[in-house]
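The structure appears right after this line, and notes come after that.
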Amino acid sequence: MEQRSAGPNGEPISATPAPNPEGDINAHGERLQKLLAEVEALPYPGAKELIQDCMESVLGFYGAGLKRILQVVSEDGPEGRKVFRDLIRDDVVKGLLLIHDLHPLNLEARLLEALEKVRPYLKSHGGNVELISLENNVARLRLQGTCQSCASSSVTLELAIRHAIEQACPDLVHFEVEGVAQDSSAASQVSRRAVTDWTVVKSAHQLEEGAWMPVRIGDVRLVVCKVNDTLYAYRNRCPACNMPLDTGSFEGGFISCALNHRYDVVRAGRCAEIPSAHLDPLPLLVQENVVKVALTKEVVDASAETVQQNT
């Protein structure tokens, strides 16, 4: 519920309750932006200046505290240095350190680290990525060797890259990706990707080698499996017979539907019996033992259509 208080002349001032402190850090950031916009809209210059001075003092106070914390743990032997490394790689702490210009890794180092994190996913779809240049906080990347038989491959790869970079490099002004398919179907998918929901897949990080699990998120059904210590996510549907994959089996890196159409998990979900058929991949990232998948609008729409057909 939104609460309202009155200004000096009785005009209403909104005061939305703070989000759950255990919630998404992005919610805190969005609320802060909203409050700052309300401050800027105040008709009292003196009040605006006082609030801004107060905020700068608070930020300076917390910045000094963060700096001291990093100094203490970095000087506390091997265990302290491990804590230091964990702190600078934590997504929430990383954002705070960047605000205060305290992060020890420069933009290029963090960008390269982000690309390294997504390489297992890229390679699973026959691709890779390299940093071509970084000038004026603008990066140029090149997507390499994407699976040409998969129309959505380059799009899903770019989605994974984009999410990793946004997490690690919020101070990056812009980045461009070369090598993304430019045909009409790919362009359509690129335009759809704006509606993308990165969703946590609970328990997926606990999968044992060679194991798999069906997952349902709303109307979207998918399977997550682990091969060679790498997690993969595919839509839970056999493109050859439209049967759900979880009624079949998973063995030796191959998912088989109930009618024994076999798909190579590691090689972009290609069908062993029908070379032109392949599973629908979903971008998957693992960060701090948290597994996330990107539910593109295309996948959500297709899943909703399947549900309607089956009802």
Those residues that are in a loop (DSSP other than H, G, I, E, B) and at pLDDT 90 or above, I need them from segment 243-271; list them, please.
243, 244, 248, 252, 253, 257, 258, 259, 260, 261
Evaluate segment 67-80: report whether one residue or more is without any contact (Cβ under 8 Å) to a residue 40 or more places away in the chain, open to solvent by less than 80 Å² (accessible area, probe 1.4 Å) and in contact with a strand residue (DSSP E or B) (Cβ under 9 Å, 6 or more places away or on another chain).
no
Of everything in segment 257-277 that's basic (Lys, Arg) and buried (at least 17 other Cβ atoms within 10 Å of the Cβ), which residue is nearest to the chain's Cα centre (by Cα)?
270
For segment 100-113, name all the residues that are open to solvent by less than 60 Å² (accessible area, probe 1.4 Å), in contact with a helix residue (DSSP H, G or I) (Cβ under 9 Å, 6 or more places away or on another chain) and within 30 Å of residue 56 (Cβ to Cβ).
100, 102, 103, 105, 110, 111
Would you mention how many residues in segment 30-47 are touching a residue at least 12 places away in the same chain (Cβ under 8 Å) and either within 18 Å of residue 95 (Cα to Cα) or β-branched (Val, Ile, Thr) (or both)?
2
Taking segment 121-148 and keeping only residues that are at pLDDT below 80 and open to solvent by 60 Å² or more (accessible area, probe 1.4 Å), one is left with 123, 144, 148
Whichever residue in segment 216-230 is aliphatic (A, V, I, L, M) and open to solvent by less than 20 Å² (accessible area, probe 1.4 Å) and, among such residues, is farthest from residue 269 (Cα to Cα):
220
Would segment 75-96 turn up any residue that is closer than 29 Å to residue 176 by Cα and assigned to a loop (DSSP other than H, G, I, E, B)?
yes
List pairs: first residue in segment 240-256 and open to solvent by less than 70 Å² (accessible area, probe 1.4 Å), second residue among the acidic types (Asp, Glu) and in a loop (DSSP other than H, G, I, E, B) anywhere in the structure, Cβ distance under 9 angstrom, at least six positions apart or on different chains.
240/273
I'd like the full set of residues that are open to solvent by 40 Å² or more (accessible area, probe 1.4 Å) and at pLDDT 90 or above, limited to segment 199-215.
208, 209, 210, 212, 214
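The values are calculated or read from the model by the stated rules, or taken from the named source; none is laboratory data. Since the structure is predicted, the reported quantities are computational estimates derived from the model, not experimental observations. Glycine also receives a Cβ, built like all others from the backbone with ideal geometry; neighbour counts cover every protein chain displayed. The area values use the complete protein model at the heavy-atom level, side chains included, leaving out ligands, DNA and RNA. Shrake-Rupley method; radii C 1.70, N 1.55, O 1.52, S 1.80 Å.
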